[in-house]
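One structure is given below, encoded as structure tokens.
Since every read-out is calculated from the coordinates, none of them should be taken as a lab result. Note that the coordinates shown come from a computational prediction; the quantities given were computed from them, not determined experimentally. With ideal geometry, Cβ positions are generated from the backbone for all residues, glycine too; neighbour counts draw on all protein chains shown.
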Amino acid sequence: MKNKVVITIARDYGSGGKTVGQMLAKELNIPFYDREILYMASDDSGINLGLFQKHDEEISKGLFDSSTHKYSGSLIPPEDSKFTSKENLFNYQAKIIKDLAEKESCIIVGRCADFILKDYDNVIKVFIWAPHDVCVKTVMDMFGMSEKDADKKIRKINKHRSEHYHYYTCREWDNARNYDLCLNSAELGFNGCVEAIKAYINVLENVEK
């Protein structure tokens with residue numbers, strides 16, 4: 001990899017998207033960011049880390065209603081009553097994501113990073129997915145769950161990710177048009193996904209010559 005590149009990875013729960021990101025980061029020798037962004041946003045804003053973690057982990061019914069709050073890039077100041085609102089917690093995470101993209105090559109998992117960085121050069125937007133039955137089997141093996149419980153967990157988390165994404169972007173989370181690459185990890189395997197992304201990076205670098 002010759003040029004700076006930021007790779008964003010959105011993923012179905014149970015598809016191994018995070019694992020692909022970690023493997024790719026090791027291959028390319030670049031930083032990998034997931035929940036680390038919460039800590040960095042807390043440090044930058046002065047807002048308690050627990051609030052970021054609660055917002056990040058909350059999957060209760062009704063967290064995101066049918067309305068939207070499209071991210072615009074602005075931060076709410078500390079004197080405002082909405083300083084610790086879920087919208088501003090997102091704003092600060094977005095600020096960290098932009099700071100990272102401007103500073104270094106890296107891989108960022110989730111957090112609407114593809115949308116936040118949509119106007120940035122050298123960003124590759126990836127969606128990792130797998131057939132539902134494959135994800136169910138993966139989650140069953142990971143957590144020792146029954147098929148019924150694994151199915152329920154996957155649907156719940158994917159629903160949350162979809163609603164979260166739509167709330168801040170006004171776009172559909174699993175729409176292929178939002179991404180440069182949509183990779184089936186069940187067909188390619190994790191190594192195959194890594195190689196596909198690396199090949200795409202090489203193609204882009206050759207096009208730029």
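Data for the structure
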| item | result |
| --- | --- |
| Cα gyration tensor shape of the stretch 66-171, rounded if a/c is under 1.5, else prolate or oblate by comparing a/b with b/c | prolate |
| Peptides ranked, highest mean first, by Cβ atoms within 10 Å: ranges 102-109, 47-54 | 102-109, 47-54 |
| Cα-based reach from Lys148 at 20 Å (exclusive), listing aspartates and glutamates while leaving out same-chain residues under 8 positions away | Asp12, Asp133 |
| Residue pairs, from the table Lys26/Lys152; Lys54/Lys153; Lys18/Lys118, whose Cα atoms sit over 23 Å apart | Lys26/Lys152 |
| Diffusion coefficient, µm² s⁻¹, Stokes-Einstein with Kirkwood Rh over alpha-carbon pairs of the chain at 25 °C and 0.890 mPa s | 137 µm²/s |
| Too-long pairs where the Cα-Cα distance tops 30 Å, listed order kept, from Lys98/Lys137; Lys86/Lys137; Lys86/Lys156 | Lys98/Lys137; Lys86/Lys137 |
| Normalised contact order of the chain, rounded percent, pairs of Cα under 8 Å and 6 or more residues apart | 35 percent |
| Amide H partners (placed H, <5 Å) of Arg11, local residues excluded | Ile128 |
| Sorted peptide list for 18-24, 88-94, criterion being average Cβ within 10 angstrom, highest first | 88-94, 18-24 |
